[in-house]
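Have a look at the structure below, then the notes.
The values are calculated or read from the model by the stated rules, or taken from the named source; none is laboratory data. As the structure is a computational prediction, the values presented were derived from the model and not from experiment. Here the Cβ positions follow ideal geometry from the backbone for every residue, glycine too, while neighbour counts run over all protein chains shown.
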Amino acid sequence: MQSGDCWANIVMPEPEVIAAYAAAVADRLDFDPSLSQRVRQEVEDHLCECVAAGASNGLETVQRATARFGDPQTLAAEFATIWLAEQTKKLSATAVLIVLALLVMMKARLAWYGFAQWSVADEVRTVGSVVSLVDVCAFWLAVTFVVAGWAYLFASGAATSCAAQCRRFRHVNYLTLVSLLAVIVSVTCDAALTALRLVGREFSAQTLIPIMSVVAETVLIAVFVLKIGSLATRMPRTTSLVEPDALRRGAP
């Protein structure tokens with residue numbers, strides 16, 4: 001049903017028609033309260049401007065304006081796609097910054113070990129070598145997926161529909177999620193290597209330096225997890241708006 005069919009038959013004063021149409025759009029965006037409130041206000045303001053500028057009956061002007069806006073579901077899907085694009089870009093940028101920060105902290109910690117002449121004890125050297133190899137592989141795997149997600153986000157051609165854009169952003173977020181898993185493995189290995197280097201050493205102010213470095217990495221991981229978790233919990237709602245048929249079919 002088109003907007004003209006839906007809204008033209010509503011018999012109520014134009015302020016109520018405006019409020020009803022704006023609510024129909026905003027209620028579909030309640031997965032983000034701030035977005036929902038902003039969209040409601042924008043739609044109401046625009047429709048009120050149309051009424052103020054119209055030369056004919058106010059109700060007829062509102063009905064023509066809502067017809068131009070289109071079906072509330074379609075309009076909400078457009079806003080949801082814009083929101084998902086913004087959130088995906090922010091998440092990708094956060095992933096790049098976190099990976100760079102982890103790289104800096106890892107290099108700084110290794111430099112400190114060299115300066116302090118801290119090496120892994122002979123009895124755990126073999127274990128340390130294996131953990132170090134896993135650490136390096138996991139970290140560069142994370143870098144690979146972050147770069148791949150960033151490149152896919154900005155290098156792919158313009159999508160022809162909201163559904164196509166939604167799928168692209170979802171794939172970018174999947175790549176970012178894989179990078180998070182790899183980073184978690186890397187930081188876990190960092191913690192294990194730090195523990196191995198502290199074997200046989202007495203606790204002192206010097207030992208706090210690598211320990212605090214690993215704690216800082218853990219905090220960054222927590223931020224990464226919260227960012228992805230926040231988007232992941234709301235993404236199904238955007239998908240249900242933009243791709244309702246594909247969601248029912250279980251399409252990726």
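Listing for the model above:
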| quantity | calculated |
| --- | --- |
| Residue in the stretch 13-25 that is nearest to Gly229 (Cα to Cα), counting only those that are surrounded by 19 or more Cβ atoms within 10 Å (Cβ to Cβ) and modelled with pLDDT of 85 or more | Val25 |
| Within the stretch 63-89, tally of residues that are among the aliphatic types (A, V, I, L, M), closer than 20 Å to Ala19 by Cβ and surrounded by fewer than 20 Cβ atoms within 10 Å (Cβ to Cβ) | 1 |
| Unique residue being in a helix (DSSP H, G or I) and modelled with pLDDT under 80 when the list is Arg28, Arg125, Arg68, Arg38 | Arg125 |
| Qualifying residues in the stretch 193-238 (those that are among the basic types (Lys, Arg) and assigned to a helix (DSSP H, G or I)) - the one farthest from the chain's Cα centre (by Cα) | Arg197 |
| Count of residues meeting criterion [touching a helix residue (DSSP H, G or I) at 6+ places or on another chain (Cβ under 8 Å), aliphatic (A, V, I, L, M) and within 18 Å of Thr239 (Cβ to Cβ)] in the stretch 40-82 | 4 |
| Matching residues, the stretch 96-122, being farther than 23 Å from Val219 by Cβ, part of a helix (DSSP H, G or I) and in contact (Cβ under 8 Å) with a residue 12 or more places away in the chain | Ala116 |
